[in-house]
1. Going through 7, 27, 58 one at a time, which residue ends up being modelled with pLDDT under 95 and surrounded by 10 or more Cβ atoms within 10 Å (Cβ to Cβ)?
2. Within region 81-96, how many residues turn out to be within 16 Å of residue 61 (Cα to Cα) and assigned to a loop (DSSP other than H, G, I, E, B)?
3. Select, from 55, 49, 38, 24, the only residue that is on the phi > 0 side of the Ramachandran plot, without any contact (Cβ under 8 Å) to a residue 60 or more places away in the chain and in a loop (DSSP other than H, G, I, E, B).
4. When you check residue 67 against the structure, is it small (Gly, Ala, Ser), surrounded by 10 or more Cβ atoms within 10 Å (Cβ to Cβ) and out of contact with any strand residue (DSSP E or B) (no Cβ under 8 Å at 6 or more places or on another chain), yes or no?
Amino acid sequence: MSSSAFDFKQKLQRVQPKPALPQEGMDAKLDEIAERHEFVSREPVLRIERVRGTEPIDVLSVKGPLSVLNRFKNYCNETDQPYWRAIDSMLKAMER
């Protein structure tokens, strides 16, 4: 009992895929549509690592009288040095 209405093999053979759209210009068109719909890209943002010296970095938190810390900050601002470099120069001056 083979009916032509149920002859899927012949129907499937007639199915042809649509030709692929040309890739040239397609990316620009997709970007335009995405921008129009305010699409936010989920592609990962490349994180640039900061280049540091070979010496390990540590953190030092100092509490002290405001007048002393303000003098130190003013010194660093006037000499255009980061805190660590100012401390280093002071220690070298003391031969430490």
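The values are calculated or read from the model by the stated rules, or taken from the named source; none is laboratory data. Worth saying up front: this structure is predicted, and the values here are computed from it rather than measured. Cβ sites come from the backbone with ideal geometry, for glycine too, and all protein chains shown count toward neighbours.
1. The unique qualifying residue is 7.
2. 1
3. 38
4. no
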